[in-house]
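In what follows, a structure is listed as structure tokens, so that the remarks can point back to it.
The values are calculated or read from the model by the stated rules, or taken from the named source; none is laboratory data. Just so you know, these numbers come straight off a predicted model, no measurement behind them. Reconstructed Cβ throughout: ideal geometry from the backbone, glycine too, with neighbour counts over all protein chains shown.
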Amino acid sequence: MALTDTDLKRLARLARLRLEESEITGLQGQFAGILGLIDQLQAVDTRGIEPLSHALDLGLRLREDLVTETDQRARFQSVAPQVEEGLYLVPKVIE
Amino acid sequence: MDWEVVIGLETHAQLATHSKIFSGAATAFGAAPNVQACAVDLALPGVLPVLNRSAVDCAIRFGLATGAAIASRSIFARKNYFYPDLPKGYQISQFEIPVVSGGTMSIELEGKVKQVRLTRAHLEEDAGKSLHEDFHGLSGIDLNRAGTPLLEIVSEPDLRSATEAVAYARALHRLVTWIGICDGNMQEGSFRCDANVSVRPRGQSELGTRCEIKNLNSFRFLEKAIEYEIRRQIELIEAGGVVVQETRLYDPDRDETRSMRSKEDAQDYRYFPDPDLLPLHIDAAWIGEVQARMPELPDAMQQRFIEQFGLSLYDAGVLTASRSMASYFLELLPYAANDAKLCANWVSGELSAALHREGLEIQDSRVSPRQLGGLLKRIQDGTISGKMGKELFDILWREGGEADALIEARGLQQISDVSSLEGIVESLMAEYPAQVAEYRAGKEKVFGFFVGRAMKASGGRANPEQLNAVLKQRLKAE
């Protein structure tokens, strides 16, 4: 299965990747290779097989509902590019 | 054209846990920005989520309370999208196998009960908060809410009007607060609804194109937003237009919904099982243990109040509006010789009005069940009239104290002895001979005039029945 330019741009947008026009042709080839592998997987007869959600055959470990974390804001924010009044500042986004 | 409205709700209930769903950070509301956001909530490299047992407990409670199926094995999935208040770039949610499936909610409309089917309820984490006020053209991010546990409860499209949708949301709110899994505080965002609304010609079986209205955090906005959206869709179709599937936002200031994003720009969330989290196993023993701790549910208690105490559906509904309301009523009953109707009237009347006036919840009532009970006892034995009771209630509310002591100190007892009443009546008759003559000439309306005057003369304390009897007898006599 081949991907169109539009498909590829949409995927890039979903993954928040900037794509130069010059990269598109090369990526189309690489994607075709990946999708070929998936086609191979899709061809396997999986009737009667329960879908696998995790590679480990174990159950989830749970924790008790206790507050165990202390305020580490100053340390976390020491590596943030920009903070103010305790908030992390980011480029403005409004939907 | 006769249109049928079809509505389904998705409700996010914030679960009442102390710590977050996948980390040990606190969930308390109102903390300074980011002091309750730990390394896991911030998605720092190398951290792993560990599920909070209490959050699962809440989901089981909800499943049991709605007669739903609780999955013995459910899966956490990643819902992928980019937004600055979602540090991981994905929200941990459940997709293919949710913890709770099916179930029903009863709603009540004009005395009729309707069953609303639930699709599912799944566990997920909340995102942080973006503040778009001016930070030099930047947005401020507070991640205290990131990782707060939510139960997303999805209804089938079984609701047929804005009124039904609100009744369902209220019933759900009552249930989640009743079973203690959510504090229900809508101002703080602990309980918020998204509404899927569509219309179709009555009789048509396929659904119309729906629009989703996001983030309705009050019952009033829920109702108004749906009403607006129904009008908008019908007017659009009748004018020859087509409804486009999209997400809309309600603007309460202008009372309208506005397009937020259309289906073409709709996110593709690329769900997949989260490799950081193994399947969640819930065994029968765990469910049994939760079942053993369940309180009597509101619908069951409402039904019991109707059967056991002979209350109306409405009264029983008011008394089971919250668990604290029901406990107040049950505590009050024995003080008033188990006169359920009298207790119901006072709780839903004077007490509720006073609470409402001061914006208090019943657990913060200034008049305790014991105090109110003391008052009701004196109405029952005729010491005070219902009207005096209301005055006494106001005094109890404002100043506190005990009914008996206040009746004594302020002379609120009814005047029931015949000779005192006769004295009042006779002096009135002497004062108004013309009216006496009119009454005796057959003008019975004048009777009310005497009742009013006598009540006034007694300072409102005359026992109404006794007074009527005395008046009738005296006025009749030549």
Flag if residue B:316 is within 18 Å of the chain's Cα centre (by Cα), in a helix (DSSP H, G or I), aliphatic (A, V, I, L, M) and crowded, with 22+ Cβ neighbours inside 10 Å
yes
If I filter region B:98-109 for residues that are free of Cβ contacts under 8 Å to residues at least 12 places away in the same chain, assigned to a loop (DSSP other than H, G, I, E, B) and assigned by TED's automatic domain parsing to the domain that holds residue B:182, do I get at least one hit?
no
In this structure, is residue B:22 assigned to a loop (DSSP other than H, G, I, E, B) and over 24 Å from residue A:82 (Cβ atoms)?
yes
Flag if residue A:48 is among the small types (Gly, Ala, Ser), at positive phi and without any contact (Cβ under 8 Å) to a residue 24 or more places away in the chain:
yes
Identify, from the list B:74, B:19, B:93, B:23, the residue that is at pLDDT 95 or above, closer than 22 Å to residue B:291 by Cα and either touching a Phe, Trp or Tyr at 6+ places or on another chain (Cβ under 6 Å) or hydroxyl-bearing (Ser, Thr, Tyr) (or both).
B:74
Being among the basic types (Lys, Arg), in contact (Cβ under 8 Å) with a residue 12 or more places away in the chain and out of contact with any Cys (no Cβ under 7 Å at 6 or more places or on another chain): is that true of residue B:410 here?
yes
For region B:243-251, check the following and say yes or no: at least one residue is of a type in the set (A, V, I, L, M) and away from chain A (no Cβ under 14 Å).
yes
With the structure loaded, tell me whether residue A:17 is among the hydrophobic types (A, V, I, L, M, F, W, C) and within 19 Å of residue B:35 (Cβ to Cβ) or whether it fails that test.
no
Looking for something in a helix (DSSP H, G or I), among the hydroxyl-bearing types (Ser, Thr, Tyr) and outside the structural domain of residue B:461 (by TED's automatic domain parsing) - is there at least one such residue anywhere in region B:354-367?
no
For region B:387-418, give me each residue that is under 13 Å from residue B:462 (Cβ atoms) and in a helix (DSSP H, G or I).
B:387, B:388, B:418
The one condition in (1) surrounded by 13 or more Cβ atoms within 10 Å (Cβ to Cβ); (2) under 30 Å from residue B:40 (Cβ atoms) that residue A:70 fails to fulfil:
(1)
The condition of being in contact (Cβ under 8 Å) with a residue 12 or more places away in the chain, among the small types (Gly, Ala, Ser) and more than 10 Å from chain A (Cβ to nearest Cβ) holds, among B:31, B:43, only for B:43
Name every residue in region B:46-59 that is away from every other protein chain (no Cβ under 12 Å) and surrounded by fewer than 21 Cβ atoms within 10 Å (Cβ to Cβ), in order of residue number.
B:46
Report, by residue number, each residue of region B:266-280 that is over 26 Å from residue B:46 (Cβ atoms) and within 10 Å of chain A (Cβ to nearest Cβ).
B:267, B:268
Residues that are touching a helix residue (DSSP H, G or I) at 6+ places or on another chain (Cβ under 6 Å), facing chain B (nearest Cβ under 9 Å) and within 19 Å of residue B:41 (Cβ to Cβ): which helices (runs of 4 or more DSSP H) entirely in chain A hold 2 or more of them?
none
Going by the structure shown, is residue B:66 surrounded by fewer than 23 Cβ atoms within 10 Å (Cβ to Cβ), more than 8 Å from chain A (Cβ to nearest Cβ) and at pLDDT 95 or above?
yes
Quick check: anything in region B:131-143 under 26 Å from residue B:55 (Cα atoms), among the hydrophobic types (A, V, I, L, M, F, W, C), more than 13 Å from the chain's Cα centre (by Cα) and crowded, with 23+ Cβ neighbours inside 10 Å?
yes
Suppose we filter region B:207-243 for residues that are assigned to a helix (DSSP H, G or I) and touching a Cys at 6+ places or on another chain (Cβ under 8 Å); how many remain?
3
Since residue B:329 meets every condition but one in (1) assigned by TED's automatic domain parsing to the domain that holds residue B:49; (2) crowded, with 19+ Cβ neighbours inside 10 Å, which condition does it not meet?
(1)
For the subset of region B:244-287 comprising residues that are part of a helix (DSSP H, G or I) and within 33 Å of the chain's Cα centre (by Cα), which member is surrounded by the fewest Cβ atoms within 10 Å (Cβ to Cβ)?
B:285
Kindly evaluate residue B:347 against the criterion of being at negative phi, β-branched (Val, Ile, Thr) and under 21 Å from the mean Cα position of the chain (by Cα).
yes
